[in-house]
């Protein structure tokens, strides 16, 4: 799923990424919003834990599932 632009603030992206594990940085294309609707966040992951394929992003009165791609 493409991530709506309203979620592209660093703080918001880190909050979403923290559902996977510890966010460390955004790549330049994400910071400059030059890569369409796909955000890339560097996340420090404990590989002994379950890797999520998607997470639920919630806000007041609305929620959507966001697919996770690991590189």
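Per-residue Cβ neighbour counts within 10 Å put 44, 21, 27 in the sequence 44, 27, 21, beginning with the fewest.
Here the relative contact order of the stretch 5-67, from alpha carbon pairs under 8 Å that lie six or more residues apart, stands at 27 percent. Counting beta carbons within 10 Å around each of 71, 19 and listing the fewest first gives the order 71, 19. Using just its DSSP H runs of length 4 or more, each adding -39500 (n - 2.57), the chain gives a mean residue ellipticity at 222 nm of -4000 deg cm²/dmol after division by all residues.
Of the listed values [x] 3, 15, 29, 28, 16, 7, 1; [y] 3, 15, 25, 24, 17, 10, 5, 1, 0; [z] 4, 15, 19, 21, 19, 15, 7, 1, grab the one calculated as P(r) over Cα pairs in 5 Å bins from 0, in percent from the structure here. Recomputing P(r) over Cα pairs in 5 Å bins from 0, in percent here picks out [x].
Can you figure out the FRET efficiency of residue 56 with residue 10, using R₀ = 22 Å and their beta-carbon distance, to the nearest 0.05? Kindly include the intermediate steps, with their values, before the conclusion.
Details: r = 21 Å, r/R0 = 0.95.
Once the sixth-power term is evaluated, E becomes 0.60.
Across 11, 40, 59, mean-square fluctuation computed from a Gaussian network of the chain (C-alpha pairs under 10 Å connected) peaks at 59.
Computed over the chain with a Gaussian network model linking Cα atoms closer than 10 Å, the most mobile of 57, 41, 20 is 57. When each of 30, 22 is scored by the number of other beta-carbon atoms lying within 10 Å, the sequence from fewest to most is 22, 30. Note on residue 24 and residue 42: their simple-model spin labels are 0.6 nm apart, each label 7 Å out from Cα toward Cβ.
FYI, it's all coordinate maths here, none of it is from the lab. For clarity, every value in this text was computed on a predicted model and none was experimentally measured. Cβ atoms come from the backbone with ideal geometry, glycine included; neighbour counts cover every protein chain shown.
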